[in-house]
Amino acid sequence: MNKTELGIGVIGAGRIGTLRANMACKHPSVQFLAISDIDPDKSGLLAQRVGADFASSSNSAVISHPEVTSVIVSTPEHEHVAPILEALHLGKPVFVEKPLALTIADTDLLVEAADETGVELRIGYSRRHDRRWMLAKEQISQGRLGTVLGIQSRVYNTRSHMAEILKRSPEATPVLDALTYYVDMACWYLEDNKPIEVIARGQSKVYKEMGYDIHDVTWAIITFENGALVNLGICYALPAKYPTYGQSAKFEVLGDEGVILLDVDNKDSFLFTERGVPHAYVPDHEVTALFLQTNSSGDWAQGEYWGPIANETRSWLDHLATGSPCSHTTIREGRRTVEVTLAIEEAARTGRVVTLSGR
Ligand SMILES: NC(=O)c1ccc[n+]([C@@H]2O[C@H](COP(=O)([O-])OP(=O)(O)OC[C@H]3O[C@@H](n4cnc5c(N)ncnc54)[C@H](O)[C@@H]3O)[C@@H](O)[C@H]2O)c1
C-alpha cells in the first residue's frame, strides 16, 4: 500500500502541542518533525524531548520549512488565524485545535482562505474521538435512532480549570471554549439539519466576584430547521477542588425509534489517595479524591498517552498518509459551531432570541 511520507510542523508547544508532537514523533509515516513556540525555551525543550528535527521561535520558519508538508496549530484560541493562513497559502493541510477562531470575522477569513486555496483545514474537537461519542455517531448513522427529535447535554468543570483557560486566552468563555465541543457534537449528530435559532440565559456570581465578565452557568436551547430541539448547558464554576480533571458530561440523544444516553461523569472510576495526585492541566493543584478518566483529552499511563487526543492525532496522520476517511470537524462545521456559540453568548447577554445565518 502506498503511504505518503509526512513532515509535520507543530505550532505552539504548550499542553496540547506537546501531546500532538508526542503522537507525531511515533507515527511511522512521519519522517520530519518541526516545532515552534513564541517562547524559544518551550519549542527547544519539546523538540529535545520528542527528538524533533527542527525547532524555532518563528512560526514562519517551521511552516515554510521545505520538509514540512502539513501543519498542526496548537496555539491559544486567539492565535490560530495567522499560522493557518500562512500554511494554507503554502498549500499545506492544517489541523487546528478548537475552536477555529473566536469571532465570525476571523472564522470567515479562514473559510475564504480554505475555499480559495482548496487546501484541507480540519478542527480538533477531540470529544468526537472518545469511543462513547464515536459509537453513538455510528449508531445514528446506522439509523438505529430513526429521526433525531432532540438532544440534551450538560457539562461541568471546576473554576480552577477555567482560570487556566482565561490565563492563556482572556477572550475565551466557557461557552466559546468548552460548550463548543457539545455544539459540534449536536450538529455532527444532526448532520445536514441546520441550526436556525438560539435562546439562552446566563447567571454569574463566582466569576463576577473574580472580576470576569463571564457566566457561571449558561443554559441554551437551539432549534434546528426540521424542528429538532437541542438543550445544552454548562457550568465551569464548580468548586476548585471538585474531584475532576476535566469535563463531567451527560449527553442524551432522543430519536423517534431509539435513544442513546451517555453518562460521562465518570463516577464509576474513583481514586482516593492520601499522597495526593497532581492535576494534568492546572499546575500546583493537588487533590486526594479524583474521578479517573475525567481528563477529556486523555491520560498518560505506562509511558503512553491514551484517549481522544491520541486517537484523533493518529487518525489525522493516517488520513494524511493514506487518504483514509476521517471524522475530524470540517471547516464548514467549524464555522457553524463558532456561529452557534457566539449566538448563545449573545442570547444569554441580551435575553433576546438570536436567528442564525443558516450557513
Ligand atoms: N482537544 C482538547 O482536548 C483540548 C484541550 C485543551 C485545549 N485545547 C485547545 O488547544 C489550544 C491550546 O491550548 P493549550 O492548553 O495547549 O494552551 P497552552 O497555553 O498550554 O499552550 C499554548 C502554547 O502556545 C504558545 N504560543 C502563544 N502564542 C503563540 C504564537 N502566536 N505562536 C506560537 N506559539 C504561541 C504558548 O507559549 C504556549 O506554549 C487551544 O485552542 C485550546 O482550546 C484542546
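Taken together, the values in this text are just the output of simple stated rules run on the coordinates, not laboratory data. Predicted model only: the values in this text are computed from it and were never measured. So basically every Cβ, Gly included, is an ideal-geometry build from the backbone, and we count neighbours across all protein chains shown.
Quick look at the numbers
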quantity	calculated
Set of aspartates and glutamates with alpha-carbon distance to LYS208 below 13 Å, sequence-local pairs under 8 removed	ASP216
Long-range tail of P(r) for region 101-153 (Cα pairs > 15 Å, %)	67
Centroid-to-centroid separation of region 144-179 and region 293-329 [C-alpha atoms, Å]	20
Helix-only [θ]222 nm of the chain, DSSP H runs n ≥ 4, -39500 (n - 2.57) each, per residue, nearest 500	-10000 deg cm²/dmol
Amide H contacts under 5 Å for LEU262, placed H, 5+ residues apart	PHE251, GLU252, VAL253
Kirkwood hydrodynamic radius of region 3-65, Cα pairs, Å	11.1
The chain: most fluctuating residue of SER160, SER74, SER324 per GNM, C-alpha cutoff 10 Å	SER324
Orientation-averaged projected area, Cα convex hull of region 318-359 (nm²)	3.7
GNM result for the chain, Cα springs below 10 Å: residue of VAL206, VAL81, VAL155 fluctuating most strongly	VAL206
Above-threshold pairs, the threshold being 22 Å between Cα atoms, out of LYS98/LYS267; LYS137/LYS194; LYS98/LYS205; LYS98/LYS167; LYS26/LYS137	LYS98/LYS267; LYS98/LYS205; LYS26/LYS137
Distant-in-sequence amide H partners of GLY124 (H built 1.01 Å from N, under 5 Å)	VAL96, GLU97, LYS98
DSSP-defined beta bridges in the chain - what % are antiparallel, rounded to 5	60
Within-12-Å neighbourhood charge of LEU190 [Cβ basis; K, R +1; D, E -1]	-2
³J(HN,Hα), Karplus 6.51/-1.76/1.60, whole Hz, each residue of region 287-293, x for Gly, Pro	10, 9, 10, 7, 7, 5, 6
Dipole magnitude of region 6-124 about its Cα centre (Cβ charges: Lys, Arg +1; Asp, Glu -1), debye to nearest 20	600
Cα-based Kirkwood hydrodynamic radius, the chain, one decimal, Å	20.9
Dipole of region 6-124 [Lys/Arg +1, Asp/Glu -1 at C-beta], most positive-end residue of VAL62, ILE11, GLN48	GLN48
Simple Cβ-charge dipole of the chain, Lys/Arg +1 and Asp/Glu -1, about Cα centre, in debye nearest 20	600
Residues ILE151, ILE344, ILE38, sorted so that the one with the fewest Cβ neighbours within 10 Å comes first	ILE38, ILE151, ILE344
Region 8-17 - phi-based ³J(HN,Hα) in whole Hz, Karplus 6.51/-1.76/1.60, Gly and Pro as x	10, x, 9, 9, x, 9, x, 4, 7, x
Debye-sum result for region 6-124 in log10 I(q)/I(0), which assumes one identical scatterer on each alpha carbon, at q = 0.13, 0.15, 0.16, 0.17 Å⁻¹	-0.43, -0.57, -0.65, -0.73
Normalised alpha carbon radius of gyration of region 274-359 [divisor 2.2 N^0.38 Å]	1.61
